[in-house]
Amino acid sequence: MNHKSQWLTSLLVMLLFSSLRLHAQDTLRITLPEAEKQFLQKNLDLLAEKYNIDIAMAQVIQARLYSNPNFSFNGNIYNPQNKKIADVSNKTGEYIIGLQQLIRVAGKRNKEIKLAETSTRLSENRFFDLLRTLRFSLRSNFYNAYYLQNSISAYNNQIASLESLSASYEALKTKGVVTLKDAIRIKSLLYSLKAEQNGLQNQLNDIEAELKILLQDNKTWFVSTVEKNDALAVSFKQMKLPDLVDTAYENRFDLKLAENNLLYNQQNLALQKAIAKPDITLGAQFDKRGSFVDNASFFNVAIDLPFFNRNQGNIKAAKISIDQSKVVLNQQRLTVENEVQSAYTKALNTDKMLQSIDPAFRDEFENLLKAVSENFKKKNISLIEFTDFNESYKNNILQINELQNQKMQAIETLNFTIGKTILNN
């Protein structure tokens, strides 16, 4: 088997394998709202992150609780005078009863509550930022899949036409009407288109794999469906960059995360300073007969003397964390501004390019393809002109699909960078 035959065999095997893999799964036509609904209900990354919010809320409950009182009982194990075991009787026994309560000072409990509440907000910020990221991935992959499917379908007309033409040329070649070179040229063009289509199918397979993870369904082949895409007609010129940046400041949860992280560290510093002030332990004690008098009662007050440990290390660490958080917050603000500006600029450029294309161009080109194919069969145009036109048709159709996809990607990227869906199909 020569090299060319091996290449053709490999191509046919790949096409057959892709076809079998598609038919082995259920096919579901799905719109973007339906995909988002399934994503919100089933995505395991979101569900796992949501548990962190519940955990943080439980920590708030814990922070609100007061310290438990401490009860103690000391009893006589053995009375050597009476030779009694566990002698705690009123006449001859001995026992001591104590009760203590920790009194926290400097507002430690309230500071811990505020810290736990801020920690809950941090968990919520992480959840919604993860939601923003995963939703962008879903919507981006949805449109990538949609336009790849369109591009793959665009090859079908050409491939069907060339298959018919190739079969005709094979028959004419055996009769000596056309040359072997022309028949091979047609067949080569056909195989080239099939190989390119298979390459796009492989790209689609990779995107489908990501969609399956996002939608938590590895048994279904999802076919992206866009019933009416009004977003392609939207112009970005009416949007103002400062307004978009302000919207991002209000809606970007990674920015809110940085802001709340600074607040958390400020609250933590206040708590660490409060911890430096020693708490007070109040208590009462009853001693049956072991003190200077029988049935002695005592009032206890205890406090740590802050001679050595005044929580200096934790206070210093909290101050450094505040300085660090300020740097991170400034960096995050700059990142938000740059991302919004970059997304806005790309959106303008993509929109400008797409607006320059006549909406009727694609239909006219497809009609012209049919006419060219008919004229080639009638020998009105040469093989070179036919193949050049086929190549031009393919490139233009792919470019139109790519430009439309780029605009939808620009819309989704802009939505992602401002943290809010302001444009939708």
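Of all residues in segment 45-84, those satisfying the criterion of being open to solvent by less than 100 Å² (accessible area, probe 1.4 Å) and of a type in the set (Val, Ile, Thr) are ILE53, ILE55, VAL60. Here ASN314 clears all of (1) in contact with a helix residue (DSSP H, G or I) (Cβ under 6 Å, 6 or more places away or on another chain); (2) more than 26 Å from THR345 (Cβ to Cβ); (3) open to solvent by less than 70 Å² (accessible area, probe 1.4 Å) except the condition numbered (3).
Listed by first and then second residue, the pairs linking a residue in segment 317-345 that is over 13 Å from LEU269 (Cα atoms) to a residue that is open to solvent by less than 70 Å² (accessible area, probe 1.4 Å) and polar (S, T, N, Q), with Cβ atoms under 6 Å apart and 6 or more places separating them unless they lie on different chains, are GLU339/THR417; VAL340/THR417; ALA343/THR413; ALA343/THR417.
Does GLN158 fit the bill of being of a type in the set (S, T, N, Q), under 30 Å from ASN70 (Cα atoms) and out of contact with any Pro (no Cβ under 6 Å at 6 or more places or on another chain)? Considered against the rule, which asks whether it is of a type in the set (S, T, N, Q), under 30 Å from ASN70 (Cα atoms) and out of contact with any Pro (no Cβ under 6 Å at 6 or more places or on another chain), GLN158 comes out as no. Filtering ASN82, ASN74, ASN90 for residues that are outside any helix (DSSP H, G or I) and touching a residue at least 40 places away in the same chain (Cβ under 8 Å) leaves a single hit, ASN90. Looking only at segment 162-191, residues that are open to solvent by less than 60 Å² (accessible area, probe 1.4 Å), in contact with a Leu (Cβ under 8 Å, 6 or more places away or on another chain) and over 16 Å from LYS379 (Cα atoms) come to 3 in all. Scanning segment 222-277 for residues that are farther than 30 Å from ASN311 by Cβ, hydroxyl-bearing (Ser, Thr, Tyr) and assigned to a helix (DSSP H, G or I) yields THR247, TYR249. Just the residues that are buried (at least 19 other Cβ atoms within 10 Å of the Cβ) and small (Gly, Ala, Ser), please, taken from segment 109-139. ALA116, SER119, SER123 - these are the residues of segment 109-139 that are buried (at least 19 other Cβ atoms within 10 Å of the Cβ) and small (Gly, Ala, Ser). Among all residues of segment 87-102, there is at least one that is exposed (fewer than 12 other Cβ atoms within 10 Å of the Cβ), at pLDDT below 90 and farther than 30 Å from ASN268 by Cα. Of the residues making up segment 124-139, not a single one is outside any helix (DSSP H, G or I) and among the hydrophobic types (A, V, I, L, M, F, W, C). The number of residues in segment 97-131 that are closer than 27 Å to SER72 by Cβ and without any contact (Cβ under 8 Å) to a residue 60 or more places away in the chain comes to 1.
For segment 240-281, the tally of residues that are in contact with a Phe, Trp or Tyr (Cβ under 7 Å, 6 or more places away or on another chain) and surrounded by 17 or more Cβ atoms within 10 Å (Cβ to Cβ) stands at 3.
Any residue in segment 322-339 that is of a type in the set (Ser, Thr, Tyr) and surrounded by 13 or more Cβ atoms within 10 Å (Cβ to Cβ)? Yes, segment 322-339 contains a residue that is of a type in the set (Ser, Thr, Tyr) and surrounded by 13 or more Cβ atoms within 10 Å (Cβ to Cβ).
Yes/no matrix, rows are residues, columns are (1) of a type in the set (Ser, Thr, Tyr); (2) out of contact with any helix residue (DSSP H, G or I) (no Cβ under 8 Å at 6 or more places or on another chain); (3) surrounded by 19 or more Cβ atoms within 10 Å (Cβ to Cβ); (4) in a helix (DSSP H, G or I):
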residue: LYS379; (1), (2), (3), (4): no, yes, no, no
residue: PHE386; (1), (2), (3), (4): no, no, yes, yes
residue: GLN399; (1), (2), (3), (4): no, yes, no, yes
residue: LYS420; (1), (2), (3), (4): no, no, no, no
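Listed by first and then second residue, the pairs linking a residue in segment 24-41 that is open to solvent by less than 30 Å² (accessible area, probe 1.4 Å) and part of a helix (DSSP H, G or I) to a residue that is at pLDDT below 90 and aromatic (Phe, Trp, Tyr), with Cβ atoms under 8 Å apart and 6 or more places separating them unless they lie on different chains, are ALA35/PHE222.
The values are calculated or read from the model by the stated rules, or taken from the named source; none is laboratory data. What you are looking at is a predicted structure, and each value in this text was computed from that prediction instead of being measured. Methodologically, a virtual Cβ is constructed for each residue, glycine included, from the backbone with ideal geometry; neighbour enumeration extends over all protein chains shown. Just the protein is used for accessible areas: all its heavy atoms, side chains included, with ligands, DNA and RNA removed. Shrake-Rupley method; radii C 1.70, N 1.55, O 1.52, S 1.80 Å.
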